[in-house]
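> Shown below is the structure under consideration.
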Amino acid sequence: MAGKETEQQEEEVLFERREHLGIVTLNRPRAVNALNAGMVKAMLQQLAAWADDDSVRTVLVRGAGDRGLCAGGDIVAIYKDMLHGGTETAEFWADEYRLNALIAGYPKPYVAFMDGLVLGGGVGVSAHGSVRVVTERTRTGMPETTIGFVPDVGGTLLLSRAPGEAGTHAALTGAHLSGADAIFLGLADSFVPSESLPALAEALESSTAADAVGRFAHAAPDSPLAAQREWIDSCYAGDDAEEIVRRLRGTGGEASAAADTIEGKSPTSVKVTLESLRRVRGLSVEHGMTLEEALDQEYRVGLRCLSGPDFREGIRAQVVDKDRNPQWKPASLAEVHASDVEAYFAPLGERELGLAVGQVQSN
């Protein structure tokens with residue numbers, strides 16, 4: 001079986017078996033292992049096969065190279081697809097979100113090495129797992145508002161469940177967070193020094209995930225984000241983005257710096273992100289959402305972002321022209337009206353992703 005898997009593995013994502021361990025290695029180190037459509041499809045297929053294979057007891061996901069697990073989705077590919085009016089991005093997201101749901105419900109220990117950069121889509125293939133390991137090198141987060149987008153891959157659900165308003169702060173600012181912050185937010189479970197990851201991977205071949213991680217885990221450092229909890233909870237309460245910025249300004253210090261950061265993001269993305277978090281958490285509906293419901297909502301929002309101006313402009317400014325000077329439309333929070341935000345959540349009709357429907361049917 002291992003030979004067949006080797007023959008079928010794709011260059012950009014590698015699969016191998018070592019005793020009772022199935023290993024997934026994201027293999028685009030020059031792109032910090034950014035996810036593309038082929039990688040997602042390959043992972044869906046292999047993880048589904050391993051789920052039904054009794055000889056595989058644990059799955060490990062890691063990144064090639066020394067820069068990180070995964071810097072997110074391949075936004076250059078998304079940009080090119082938008083320029084040509086294509087449908088590849090919508091198809092990519094549909095598969096990616098199915099992968100996120102598969103990982104969240106995986107029937108075996110799913111161990112993610114969240115070392116180095118773990119951003120956006122990288123969070124999607126790691127933080128939904130059952131055994132999430134960070135290191136002193138971890139820099140994670142959901143930086144989508146920087147490129148005129150909104151947290152996806154189930155990120156709205158993960159951040160909505162963080163303590164207090166820490167997830168709201170992380171989502172609106174797009175801040176890069178430490179491994180200790182990731183544990184505080186609920187995105188990770190254990191802290192292991194990066195130098196111990198090879199030995200941990202070897203231990204996973206024959207030991208249970210719990211025993212192996214327990215052997216190498218250390219106490220996590222203090223979380224800087226947790227230390228800021230008081231002003232974060234106070235300033236980010238409610239569902240009015242402009243009021244949040246006013247409170248941050250009035251608080252001063254680190255809070256004022258957060259206000260500066262938010263005002264540099266896409267105003268539409270900031271308001272749609274805030275509304276997404278509130279809907280998922282249950283402030284705008286009767287109860288909180290399941291992951292499948294959150295992914296369905298993120299798919300609606302994502303397709304609306306594809307047709308708006310800010311997503312394309314944000315990618316252009318960050319990674320195409322790299323002038324870091326996006327021209328947002330509208331240019332201020334005050335110009336983004338409630339009706340504009342509401343339109344992002346309208347049903348898609350026949351284009352709905354429908355993960356929650358499948359969930360209901362399977363139950």
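The values are calculated or read from the model by the stated rules, or taken from the named source; none is laboratory data. Source: prediction; values computed, not measured. For neighbour counting, all protein chains shown are included, and Cβ atoms are generated from backbone atoms with ideal geometry for every residue, glycine included. Remember, those area values only see protein heavy atoms, side chains included, never the ligands or the DNA or RNA. Shrake-Rupley method; radii C 1.70, N 1.55, O 1.52, S 1.80 Å.
> Residues of region 159-202 being within 28 Å of Arg324 (Cα to Cα) and part of a helix (DSSP H, G or I), which ones?
Across region 159-202, the qualifying residues are Leu159, Ala166, Gly167, Thr168, His169, Ala170, Ala171, Leu172, Thr173, Gly179, Asp181, Ala182.
> Quick check on my filter: what residues within region 83-113 are surrounded by fewer than 19 Cβ atoms within 10 Å (Cβ to Cβ) and not in a helix (DSSP H, G or I)?
His84, Gly85, Gly86, Thr87, Gly105, Tyr106, Pro107, Lys108
> In region 330-341, which residue that is part of a helix (DSSP H, G or I) and in contact (Cβ under 8 Å) with a residue 40 or more places away in the chain is nearest to Arg278 (Cα to Cα)?
So the first thing to find is which residues in region 330-341 are part of a helix (DSSP H, G or I), and the list is 333-335, 338-341.
Filter once more, so that each one left must be in contact (Cβ under 8 Å) with a residue 40 or more places away in the chain: 333-335, 340-341.
Numbers: Leu333: 18, Ala334: 19, Glu335: 21, Asp340: 16, Val341: 13 Å.
Taking the candidates together, the pick is Val341.
> Among the residues of region 232-258, write down those that are open to solvent by 40 Å² or more (accessible area, probe 1.4 Å) and part of a helix (DSSP H, G or I).
Hits for region 232-258 are Asp233, Ser234, Glu242, Glu243, Arg246, Arg247, Arg249, Gly250, Thr251, Glu254, Ala257.
> So which of Leu69, Leu117 is in contact (Cβ under 8 Å) with a residue 60 or more places away in the chain, closer than 27 Å to Ala180 by Cα and part of a strand (DSSP E or B)?
Values: Leu69 fails: in contact (Cβ under 8 Å) with a residue 60 or more places away in the chain.
Of the residues listed, the single one that is in contact (Cβ under 8 Å) with a residue 60 or more places away in the chain, closer than 27 Å to Ala180 by Cα and part of a strand (DSSP E or B) is Leu117.
> Quick check on my filter: what residues within region 236-256 are on the phi > 0 side of the Ramachandran plot and within 25 Å of the chain's Cα centre (by Cα)? It would help to see each step written out before you state the result.
Going through region 236-256, the residues on the phi > 0 side of the Ramachandran plot turn out to be 238, 252-253.
Within region 236-256, just Gly238 meets the criteria.
> Pairs under 8 Å by beta carbon, first residue hydroxyl-bearing (Ser, Thr, Tyr) in region 243-254, partner at pLDDT below 95 and open to solvent by 80 Å² or more (accessible area, probe 1.4 Å), six or more apart or different chains?
Hits for this filter: zero, empty list.
> Inside region 58-76, can you point out the residues that are open to solvent by less than 20 Å² (accessible area, probe 1.4 Å), over 18 Å from the mean Cα position of the chain (by Cα) and not aliphatic (A, V, I, L, M)?
Thr58 - this is the single residue of region 58-76 that is open to solvent by less than 20 Å² (accessible area, probe 1.4 Å), over 18 Å from the mean Cα position of the chain (by Cα) and not aliphatic (A, V, I, L, M).
> Within region 277-329, restricting attention to residues that are of a type in the set (Asp, Glu) and in contact (Cβ under 8 Å) with a residue 40 or more places away in the chain, which residue is most open to solvent (accessible area, probe 1.4 Å)?
Initial filter on region 277-329 (of a type in the set (Asp, Glu)): 286, 292-293, 296, 298, 310, 313, 321, 323.
Now narrow it down to the ones that are in contact (Cβ under 8 Å) with a residue 40 or more places away in the chain: 292-293, 296, 298, 310, 313.
Details: Glu292: 38, Glu293: 61, Asp296: 9, Glu298: 8, Asp310: 10, Glu313: 34 Å².
Per the criteria, the residue is Glu293.
> Here is a follow-up. Suppose we keep only residues that are open to solvent by 70 Å² or more (accessible area, probe 1.4 Å) and aliphatic (A, V, I, L, M) within region 197-224. Which one would you say is nearest to Gly129 (Cα to Cα)?
My answer is Ala210.
> Do you know which residues across region 152-196 are of a type in the set (A, V, I, L, M, F, W, C), open to solvent by 20 Å² or more (accessible area, probe 1.4 Å) and under 19 Å from Glu275 (Cα atoms)? If you could, list the steps in order and put the result at the bottom.
To start, the set of residues in region 152-196 that are of a type in the set (A, V, I, L, M, F, W, C) comprises 153, 157-159, 162, 166, 170-172, 175, 177, 180, 182-185, 187-188, 191-192.
If we keep only those that are open to solvent by 20 Å² or more (accessible area, probe 1.4 Å) too, we end up with 158, 175, 183-184, 191.
Correct list: Leu158, Ala175.
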